[in-house]
Number of protein chains: 2
Amino acid sequence: MSDNGPLHGVTVIDMTRVLAGPYATMVLADLGATVIKVEMPGYGDDARHFGPFVNEKSAYFSSLNRGKKSIALNLKDNEDREIFLNLLESADILVENYRAGTMEKLSLGWDVLHEKFPKLIYSAVSGFGHTGPYSDRPAYDMVVQAMGGLMSVTGHPDSGPTRVGTSIGDITAGLFGLSGILTALYDRNRTGVGIKVDVGMLDCQIAILENAIARYFASGEIPQPLGSRHPSITPFDAFSSADDYIIIAAGNDQLFLKLCETIDSPELVNDERFKTNVDRSENNGPLKIAIEEKLKLKSAEAWLSELGSAGIPCGPINNVAQAVNDAHVRERNMIIKTNDPVSGELSMAGNPIKLSGYSDPRERSPAPELDGDREEILSGLK
Amino acid sequence: MSDNGPLHGVTVIDMTRVLAGPYATMVLADLGATVIKVEMPGYGDDARHFGPFVNEKSAYFSSLNRGKKSIALNLKDNEDREIFLNLLESADILVENYRAGTMEKLSLGWDVLHEKFPKLIYSAVSGFGHTGPYSDRPAYDMVVQAMGGLMSVTGHPDSGPTRVGTSIGDITAGLFGLSGILTALYDRNRTGVGIKVDVGMLDCQIAILENAIARYFASGEIPQPLGSRHPSITPFDAFSSADDYIIIAAGNDQLFLKLCETIDSPELVNDERFKTNVDRSENNGPLKIAIEEKLKLKSAEAWLSELGSAGIPCGPINNVAQAVNDAHVRERNMIIKTNDPVSGELSMAGNPIKLSGYSDPRERSPAPELDGDREEILSGLK
């Protein structure tokens with residue numbers, strides 16, 4: 001069991017701010033890479049100024065930047081620029097999430113850097129990517145959630161478009177960017193040369209539309225928000241019991257059979273309306289009524305126990321407190337902590353990539369103060 | 001520009017079904033890996049039976065399995081098992097998304113396979129991961145969206161918990177699994193030995209809670225659904241104009257200043273209630289009223305043009321048809337096609353990881369018929 005992660009020895013120069021880029025470099029740091037944040041002197045990463053704060057340090061920033069180091073550099077200043085280029089000399093990966101063209105204005109675009117540092121992998125995570133008519137537009141999460149169609153399929157039929165309650169526009173771009181970086185690392189082992197990874201947040205929203213896109217192209221019909229129901233797998237919904245709602249996801253014929261047996265409704269199995277998944281999806285309304293009629297006889301807890309014993313995918317609808325305190329979540333080390341010199345002990349989400357042979361520490365290094373690792377970083381350059 | 005992707009030469013044995021696993025192996029195939037689906041004879045991947053259908057072939061299945069090959073093997077049959085083990089002999093990666101313990105029952109668990117094929121990377125994407133109290137439970141997307149807290153923060157204050165309109169529980173697990181696989185490939189180049197990647201869908205839901213988790217741990221307060229508003233960045237919301245809603249995301253002081261100028265409300269900048277992002281988040285209600293008062297004077301289109309010119313992140317709320325037909329989305333090659341022998345031409349989402357030096361084809365190979373590549377796969381073993 002190695003305490004160094006699999007990316008130990010990989011150095012990342014991280015010019016990213018807010019969420020999409022920092023999310024990608026957070027996972028790189030979790031996997032053992034050395035991540036050096038290069039921040040604007042005085043202000044730093046925008047997320048340093050976003051709440052919630054614990055002892056005046058942003059806990060939001062801390063949760064996304066644990067285990068990274070920070071140096072403040074003004075790239076328009078000659079001396080700082082020299083330091084930056086020296087950092088790139090010994091780096092493997094540069095990650096930035098500026099608007100397209102920003103790095104070129106600093107004379108630090110891919111073409112320039114690739115010529116100077118042919119081994120360097122350059123990863124850009126931007127709102128709209130580095131090509132196409134919108135490439136010079138700025139974007140934040142909600143802009144791409146809205147433009148990419150995700151908000152139009154989220155919500156209840158009468159609620160109108162709804163934002164996903166977490167910044168999925170940023171996070172999916174961070175994850176695709178991460179995969180691009182890891183692909184480039186693998187590629188460089190073969191070719192000896194770095195490549196450019198160009199990930200646009202809007203592109204990633206299209207990439208995650210999954211069956212909404214398949215339905216639109218197959219039928220020409222525009223997918224609508226369906227509340228909590230799955231659009232083409234049935235029964236797959238939130239159902240009311242005697243007290244709380246529960247989720248039941250009986251995704252194939254065998255599970256539907258087991259469900260009917262467990263709720264003591266064997267007659268549903270041979271009902272012509274419910275024979276196949278396609279039939280059940282078409283007759284979702286009457287099927288839901290039939291299922292809830294039985295579910296209303298017992299509590300959510302009782303049903304979750306019975307359905308669980310029968311092997312039917314089901315679960316409670318947890319709030320955030322219930323989710324982060326769940327015994328399984330804790331056992332999987334999905335809530336870790338940092339011991340922050342300013343904020344004290346902070347809890348945050350762990351790394352879901354569990355790898356054999358590598359430890360998965362319950363405590364990670366805290367997020368850096370702005371310019372907090374200057375001496376260490378500069379001495380590494382000597 | 002290479003027409004082979006960066007993962008050309010990497011062979012993936014793909015036992016995954018439905019969405020999370022197939023999503024990961026789809027990206028591997030997009031990046032050039034040879035992906036061989038090993039499916040149950042007769043029935044195959046569950047997703048083959050999910051609508052929508054085009055000429056009786058599932059377009060949903062097709063969109064997730066483009067560019068892969070298929071062989072049907074019954075792993076309880078000795079002859080088929082022998083073929084399977086021969087496939088693993090020359091494979092780099094095995095991916096499965098069964099419930100924990102299923103592979104062990106087939107005597108094909110990590111321990112057995114790692115001893116037999118030390119270079120093989122083993123990746124498991126399961127509902128709850130391979131350790132912890134829930135590890136033997138089945139799960140589908142909505143179960144983990146509900147248990148992980150995401151549904152509790154999605155929706156409007158009066159709508160109750162809401163499912164994200166795309167299967168984000170599966171997709172994020174697929175993306176973390178993908179990153180785990182790519183990390184393992186990089187790692188194997190160094191060590192010569194494969195590792196096991198264990199990704200649980202519920203873990204991934206915790207990993208994407210981002211500021212909901214920071215807010216909960218900082219304040220002890222349980223995050224609630226906020227409609228379309230960002231919880232800690234303001235103004236960052238859907239606003240009504242003279243006709244449609246538009247998204248405005250002014251994520252820092254400078255953008256707020258520009259917004260106030262553009263809507264001709266300079267007095268808002270010096271208003272004590274709106275001085276910093278923290279102030280604006282606390283006084284979100286009156287700020288929204290003040291902004292909408294001005295926005296109601298012009299159409300959404302007019303405002304998007306003016307706000308866009310001023311460099312303020314903004315956008316329309318597109319439906320799926322508008323999103324997939326958007327000029328920028330098309331220019332970025334985010335809608336690709338396959339020429340399916342059964343369904344004909346199919347359109348689907350492209351690959352958002354754009355890499356320099358590698359082509360990003362507008363047409364990909366179609367999804368395989370069940371057992372459709374048996375001869376080719378068997379002849380490759382000779």
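The values are calculated or read from the model by the stated rules, or taken from the named source; none is laboratory data. Being a predicted model, the structure only gives us computed values, none of them experimental. Here the Cβ positions follow ideal geometry from the backbone for every residue, glycine too, while neighbour counts run over all protein chains shown.
Worth a mention:
- Restricting attention to the range B:324-369, the residues that are closer than 14 Å to A:Phe217 by Cβ, touching a Ser or Thr at 6+ places or on another chain (Cβ under 9 Å) and β-branched (Val, Ile, Thr) add up to 4.
- One residue stands out in the range A:337-358 among those that are surrounded by fewer than 19 Cβ atoms within 10 Å (Cβ to Cβ) and in a strand (DSSP E or B): the one that is farthest from the other protein chains (Cβ to nearest Cβ), namely A:Asn339.
- Selection of the range B:91-107 for residues being in contact with a Gly (Cβ under 9 Å, 6 or more places away or on another chain) and loosely packed, with under 14 Cβ neighbours inside 10 Å yields only B:Gly101.
- Residue match in the range B:36-49 (condition: more than 24 Å from B:Asp170 (Cα to Cα), aliphatic (A, V, I, L, M) and modelled with pLDDT of 95 or more): no
- Screening B:Ser159 against (1) farther than 26 Å from A:Arg215 by Cα; (2) within 7 Å of another protein chain (Cβ to nearest Cβ); (3) surrounded by fewer than 21 Cβ atoms within 10 Å (Cβ to Cβ) leaves a single unmet condition, (1).
- Of note, A:Leu259 does not satisfy the criterion of being surrounded by fewer than 16 Cβ atoms within 10 Å (Cβ to Cβ), aliphatic (A, V, I, L, M) and in contact (Cβ under 8 Å) with a residue 40 or more places away in the chain.
- Residues that are within 7 Å of another protein chain (Cβ to nearest Cβ), under 15 Å from the mean Cα position of the chain (by Cα) and either surrounded by fewer than 24 Cβ atoms within 10 Å (Cβ to Cβ) or closer than 19 Å to A:Pro316 by Cα (or both), drawn from the range B:172-201: B:Gly200
- Contacts under 6 angstrom Cβ, first residue in the range B:112-132 being of a type in the set (Lys, Arg), partner assigned to a helix (DSSP H, G or I), 6 or more apart: none
- Some residue of the range A:54-76 being surrounded by fewer than 21 Cβ atoms within 10 Å (Cβ to Cβ), more than 30 Å from A:Asp3 (Cα to Cα) and free of Cβ contacts under 8 Å to residues at least 24 places away in the same chain: no
- If you filter the range A:221-255 down to residues that are more than 8 Å from chain B (Cβ to nearest Cβ) and of a type in the set (Gly, Ala, Ser), you find that the one that is farthest from the chain's Cα centre (by Cα) is A:Ala242.
- Residue, farthest from B:Met201 (Cα to Cα), within the range B:83-133, restricted to residues that are in contact with a helix residue (DSSP H, G or I) (Cβ under 9 Å, 6 or more places away or on another chain), within 13 Å of chain A (Cβ to nearest Cβ) and of a type in the set (Gly, Ala, Ser): B:Gly109
- Qualifying residue in the range A:302-309 (condition: in a helix (DSSP H, G or I), more than 14 Å from chain B (Cβ to nearest Cβ) and modelled with pLDDT of 95 or more): yes
- When the range B:108-147 is filtered for residues that are charged (D, E, K, R), surrounded by fewer than 21 Cβ atoms within 10 Å (Cβ to Cβ) and touching a Leu at 6+ places or on another chain (Cβ under 8 Å), only B:Lys116 remains.
- Verdict on A:Asp80 being within 14 Å of chain B (Cβ to nearest Cβ), charged (D, E, K, R) and in a helix (DSSP H, G or I): no
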